[in-house]
Amino acid sequence: MRYTDFRDSIRDELACHGDGLTWVELKTRLRLPYERPCPTWVKELEREIGLSRVKGAGRAQVWRLDAPRVVRAT
């Protein structure tokens, strides 16, 4: 899976769930092949699509979109 495919699938799924989703929920819903997300890709998601992660229940972090951002092709 390329980063752009990962980014687009995460963005589209989170756009449908305003309250956010945990990594496990995203991984399951999107059938992602990763046990854990790549830290470099997560930083890029924060910068490009406005991803934020906040404390959820227990140790979980809830991923959600802060504000709409435009992703420009490079």
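What follows draws every value from the coordinates through simple rules; no lab data is involved. Treat the numbers as computed from the prediction; the structure is a model and nothing was measured. No Cβ is skipped: glycine too gets one built from the backbone with ideal geometry, and neighbour counts run over all protein chains shown.
Provide the per-residue ³J(HN,Hα) series for segment 42-54, in order, calculated from phi with Karplus coefficients 6.51, -1.76, 1.60 and θ = phi - 60°, each as a whole number of Hz, with x at glycine and proline positions.
My calculation for segment 42-54 gives 4, 4, 5, 5, 4, 6, 7, 10, x, 5, 10, 10, 10 Hz in order.
Which whole-Hz ³J(HN,Hα) couplings does segment 25-40 yield from phi under the Karplus relation 6.51 cos²θ - 1.76 cosθ + 1.60, θ = phi - 60°, glycine and proline marked x?
Values, residue by residue: 5, 5, 4, 5, 4, 9, 6, 6, x, 10, 5, 10, x, 5, x, 5 Hz.
Under a Cβ-Cβ cut-off of 9 Å, what is the net charge of the residues other than Leu21 that fall near it, where Lys and Arg count +1 and Asp and Glu count -1?
Counting the neighbours of Leu21, the net charge comes to -1.
Under 5 Å between amide hydrogens, which residues at least 5 positions from Gln61 or on another chain qualify, with H placed 1.01 Å from N in the peptide plane?
Under 5 Å from the amide H of Gln61 lie the amide H atoms of Trp23, Gly56, each far enough along the sequence or on another chain.
Identify which of the listed values of P(r) over Cα pairs in 5 Å bins from 0, in percent was calculated from the structure shown: [x] 3, 15, 30, 29, 16, 5, 1, 0; [y] 3, 15, 21, 19, 17, 9, 6, 5, 3, 2, 1, 0; [z] 3, 12, 9, 11, 14, 19, 17, 11, 4, 1.
Checking each listed value against the structure points to [x].
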